[in-house]
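The values are calculated or read from the model by the stated rules, or taken from the named source; none is laboratory data. Everything quoted here is computed from the prediction, not taken from an experiment. Please note: Cβ atoms are built from the backbone with ideal geometry, for glycine as well, and neighbour counts cover all protein chains shown. These accessible areas exclude ligands, DNA and RNA; they are computed on the full protein's heavy atoms, side chains included. Shrake-Rupley method; radii C 1.70, N 1.55, O 1.52, S 1.80 Å.
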Amino acid sequence: MKTKDAPVTKAYDVERIRAQFPILRELVHGKPLVYFDNAATSQKPRRVIKTESAYYATINANVHRGVHTLSTRATEAQEAAREIVRRHINAQHAHEVIFTSGTTASINLAATSLGQLLLRKGDEVVISGMEHHSNIVPWQLACERYGAKLKVIPITDSGEWETGPQGRKDAKGSTEQFFNERTRILAISHVSNTLGTINPVKKLIAQAKKQGIITVVDGAQAIAHLDVDVQDLDCDLYAFSGHKAYAPTGTGVLYGREELLERMPPWQGGGEMIETVTLEKSTWAKLPFKFEAGTPHIAGIIGLGEALRWMEDYDFAFAKDSAEQGKSAFAAHEHMLLERATKELLTIDGLRIIGTAKEKVGVISFVIEDVHHYDIGTLLDQQGIAVRTGHHCTQPLMDRFGVSGTTRASFACFNTCAEVDALVAGVKKTLKMLR
Ligand code: 7TS
């Protein structure tokens, strides 16, 4: 599809980016694919696909257990990927990076292990009302097991925490009413998958830390759009999925501060995670292996490393020597798409955007009076446009806004203005058919 993009920065060339994603040449129902479901999973650049395939073609072997050459090469490639992740999120040590199958597994690890370490009857865990089910249910399970309580930060009409500068404060203007002497854990998303809100996590983490509360960040929607720096955020744990950041599915990370990870008990037992095993008792391997039982997704992990390197090569935020250093070209481009989509969609009669926070990534959720989101999604698909419809695994948030679901378009670095225009035209056409 020909695009009308003006470069966002002097060097941003969306066609050059698009050329690297083979799937963008696919037709859907005879139409060029317009892929706006990046919050569910992003598409993969050729470099990542090639890296994963090259692993199987040239060095496939199990890691850490073998003396043979292939095993050594596979181990070195996997550990190189760990170092890339460390650098990308600015962790202090590579052994603070634990590989998992995704954000869901990372948060289940955190909730299971932290639950055992910290939670006692009457303790409290604080989450927010915009969490993905993956950052609700594991904490519910942990609370149930230890007799702890879940407390929830409410959400404003614009889709922000009601603790922020715009939100309701207590009499002293403080946000600390959510924390008390029984609060043990704060678990919050960096970016909302449904609303696109970028949450002021750093500020809340600082408040939690003052009270000795352990902080867990769900970074699933942040990793592809923000320059994540775990030391700057000062969080204890940070979870993300590789597949939302141009990497293979089945990959993810739980970053943890060394001192906390040392204290946390393992959550799954098996090979790799032990130091010694007798039939009476086992002892645990050093970090990070204590948390990595079983054979990992080696090809995917190596692909994850390549995806992060690919982002570092193409996104100025990571171009350490560039004049554009610190500015994310991807984020700026996606923001431009968001503004265009917001402006144009709002011209449609009866359309309401759910999530109007000031700070947003390129995610736009909307509902249209008297029209079911499922019908919109199905008819857009007929036009080659992939959007997601439904509750987006945020049912409590849907309840908060009094809707059963939304239609959601989520942008990535390869999307174009022409595609946004196609979405708007597609929604208008859909409404003509339905109304
Ligand atoms: N947390 C957030 C904020 C998410 O957006 C998702 C996935 C997860 C956790 C779970 O990630 P996973 O990789 O373990 O599945 N979000 C979405 C979505 O918005 N549409 O499909 C999956």
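Observations, loosely collected:
- Gap separating the Cα centres of segment 300-327 and segment 266-283, nearest whole Å: 37
- Where trypsin sites (Lys or Arg not before Pro) fall in DSSP loop in segment 53-138, at most 13 other Cβ within 10 Å: R65, R120, K121
- Accessible surface computed residue by residue for the chain, with neighbouring protein chains in place and a 1.4 Å probe, gives 42 Å² per residue.
- If a spin label sat at a point 7 angstrom from the Cα of I23 along the line to its beta carbon, the backbone N atoms of segment 80-113 nearer than 18 Å would be those of 102-103.
- q = 0.16, 0.17 Å⁻¹, segment 50-308: log10 I(q)/I(0) [Debye, one scatterer per Cα]: -1.17, -1.29
- Segment 10-71 and segment 332-365 have Cα centres separated by 28 Å.
- Shape analysis of segment 22-124 yields a ratio of the Cα radius of gyration to the Kirkwood radius, Rg/Rh, of 1.10.
- Per-residue surface analysis assigns C393 an accessible area of about 50 Å², computed on protein heavy atoms at 1.4 Å probe radius.
- Cα point-scatterer Debye curve for the chain, base-10 log of I(q)/I(0) at q = 0.11, 0.12 Å⁻¹: -0.88, -1.04
- Charge sum, other residues only, whose C-beta stays under 12 Å from A148's C-beta, Lys/Arg counted +1 and Asp/Glu -1: +4
- Taking the charge dipole of the chain about its Cα centre, with +1 at Lys and Arg Cβ atoms and -1 at Asp and Glu Cβ atoms, the residue from H333, A418, S113 reaching farthest to the positive side is A418.
- Each of T72, A39, I49 was placed along the dipole of segment 1-152 (beta-carbon charges, centred on the mean Cα), and the one lying farthest toward the positive end is I49.
- Relative intensity, log₁₀ I(q)/I(0), of segment 293-350 from a Debye sum that treats every alpha carbon as a point, q = 0.29, 0.31 Å⁻¹: -1.05, -1.10
- Student exercise, segment 50-308 dipole from Lys, Arg, Asp, Glu Cβ charges, in Debye to nearest 20: 380
- Ranked by the mean number of other Cβ atoms within 10 Å per residue, highest first, peptides 277-283, 265-271, 320-326 order as 265-271, 320-326, 277-283.
- Residue pairs, from the table K203/K358; K327/K358; K44/K428; K327/K360; K343/K429; K244/K428, whose Cα atoms sit over 20 Å apart: K44/K428; K244/K428
- Kyte-Doolittle mean at least -0.5, axial Cα span of 15 Å or more - DSSP H helices of the chain: 103-118, 298-314, 329-345, 417-434
- Each of R435 and E262 was given a label point 7 Å from its Cα along the Cα-to-Cβ line. The distance between the two points is 6.4 nm.
- At R0 = 45 Å, FRET efficiency that the Cβ-Cβ distance of D370 and S53 yields, to 0.05: 0.40
- Taking a straight Cα-Cα cut-off under 12 Å and skipping sequence neighbours fewer than 8 places away in the same chain, the aspartates and glutamates within cross-link reach of K151 are D123, E124.
- With every protein chain in place, the chain: carbon and sulfur % of accessible area (1.4 Å): 52
- Radius 11 Å from Cβ of V424, net charge of other residues (Lys, Arg +1; Asp, Glu -1): +1
- Counted residue by residue at 0.36 nm each, then reduced by the alpha carbon distance between them, the extension gain from A425 to A80 reaches 119.6 nm.
- Environment charge at I364 (Cβ cut-off 12 Å; Lys +1, Arg +1, Asp -1, Glu -1): +3
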